[in-house]
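Q: Sharing a structure here in structure tokens format.
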């Protein structure tokens, strides 16, 4: 990549490119991003921005004969700074830097998701391309299924080690989903669980849930999933006032047992800075007592109940039975999950779960992408 022309302006250079585009490179931005002032081992910035004026200007500059590099001589800097044309093109201000983890999400209802996208554990473990494909699909659909895990209680945990570190909560790092004598969560009973997202009461809601089916020989207990992205798209279209209410009101969520009292306020629907659907926080069993003004209560309940009815609708729900050696992975801030009731006396049912944050998934996608590009 080469420049076709460089013009010095008042506080920046105007760069012209072979594709006909132009970009602005502000002087203060160039000085702050001097590639010669990065630590040689860590790659971290060592330059101190406060040591230069906001209105800094080059004392001089030149462009090499091939127009592939810009050299700038800054005041009070002994050595010249060098900026390749490729770096300046890739980092145009106003242009998002390429990110292989920036994968467009695609919403789905029951008719589009006949079965969960399925990936083989052994193949993902042995072939980076396969693991990359699985994680890219997870980002796109919000849910995948890993099959053929070894018949080992820790097999699900080991698969997560391929990706990143696990998130700890008041349930521990790994939680055991089975019927218990003194449960502190409805998941630890044999009751049906309506669709929900986990840990709505936490300051930071976990990103992705990994749920390993170690044993499932009981009658009942089918897993149920629904895509909140599809639900909210229709909800916004059909009920704009209800949608706005659930985007704005800070709803209290609370978990309480003999050891912990964990509370947090957040809206049911989260949006990005440009107003698009981002996250859903929905767990009727962890909903605290609404504490906003009384004159807002009816509007809240009207919106909340309408959304609840839609979440439980057959249009969106898919039902599947997890088998021994399978693990479902889903975006806990997007995909709702639940289960039908089961008979604990009819056979063993033991699932093991943990959380891995979105950032860990994104990091692994980027590293796997680098690996496949270089191989």
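The values are calculated or read from the model by the stated rules, or taken from the named source; none is laboratory data. Because the structure is a prediction, the values reported are computed rather than measured. Cβ: placed from backbone, ideal geometry, glycine included. Neighbour counts: every protein chain shown.
Q: Consider residue 178 carefully, then state whether it is in the same structural domain as residue 363 (by TED's automatic domain parsing), within 17 Å of the chain's Cα centre (by Cα) and surrounded by 17 or more Cβ atoms within 10 Å (Cβ to Cβ).
A: In short, no.
Q: Which of the residues belonging to the stretch 135-167 are touching a strand residue (DSSP E or B) at 6+ places or on another chain (Cβ under 6 Å) and either without any contact (Cβ under 8 Å) to a residue 60 or more places away in the chain or outside the structural domain of residue 362 (by TED's automatic domain parsing) (or both)?
A: Within the stretch 135-167, 137 is the sole residue that qualifies.
Q: Can I ask one more? Suppose the filter is without any contact (Cβ under 8 Å) to a residue 24 or more places away in the chain and under 28 Å from residue 212 (Cβ atoms); does residue 256 pass it?
A: Judged against the criteria, residue 256 is a match.
Q: Right, another one. Out of curiosity, is residue 216 touching a helix residue (DSSP H, G or I) at 6+ places or on another chain (Cβ under 7 Å), assigned by TED's automatic domain parsing to the domain that holds residue 307, over 20 Å from residue 309 (Cβ atoms) and crowded, with 19+ Cβ neighbours inside 10 Å?
A: Spelling it out, it is not the case that residue 216 is touching a helix residue (DSSP H, G or I) at 6+ places or on another chain (Cβ under 7 Å), assigned by TED's automatic domain parsing to the domain that holds residue 307, over 20 Å from residue 309 (Cβ atoms) and crowded, with 19+ Cβ neighbours inside 10 Å.
Q: Related question: Within the stretch 137-174, which residues are within 30 Å of residue 257 (Cα to Cα), part of a strand (DSSP E or B) and out of contact with any helix residue (DSSP H, G or I) (no Cβ under 9 Å at 6 or more places or on another chain)?
A: 169, 172
Q: Counting only residues that are over 17 Å from residue 82 (Cβ atoms) and touching a strand residue (DSSP E or B) at 6+ places or on another chain (Cβ under 7 Å), which one in the stretch 18-50 is surrounded by the most Cβ atoms within 10 Å (Cβ to Cβ)?
A: Step by step, filter the stretch 18-50, then rank; the result is 23.
Q: Please work out if residue 246 is touching a helix residue (DSSP H, G or I) at 6+ places or on another chain (Cβ under 6 Å), buried (at least 21 other Cβ atoms within 10 Å of the Cβ) and assigned to a strand (DSSP E or B).
A: Criteria not met by residue 246.
Q: On to the next question. Restricting to the stretch 146-156, and then to whatever is within 28 Å of residue 107 (Cα to Cα) and surrounded by fewer than 20 Cβ atoms within 10 Å (Cβ to Cβ), can you tell me which residue is farthest from the chain's Cα centre (by Cα)?
A: Looking at residues that are within 28 Å of residue 107 (Cα to Cα) and surrounded by fewer than 20 Cβ atoms within 10 Å (Cβ to Cβ), I get 148.
Q: Looking only at the stretch 270-282, which residues are touching a strand residue (DSSP E or B) at 6+ places or on another chain (Cβ under 7 Å), part of a loop (DSSP other than H, G, I, E, B) and either buried (at least 20 other Cβ atoms within 10 Å of the Cβ) or on the phi > 0 side of the Ramachandran plot (or both)?
A: Across the stretch 270-282, the qualifying residues are 281, 282.
Q: Which condition does residue 115 not pass, out of (1) under 29 Å from residue 368 (Cβ atoms); (2) in contact (Cβ under 8 Å) with a residue 24 or more places away in the chain; (3) surrounded by 13 or more Cβ atoms within 10 Å (Cβ to Cβ), if it passes all the others?
A: (3)
Q: Restricting to the stretch 346-375, name every residue that is touching a strand residue (DSSP E or B) at 6+ places or on another chain (Cβ under 9 Å) and in a loop (DSSP other than H, G, I, E, B).
A: Result: 346, 347, 348, 357.
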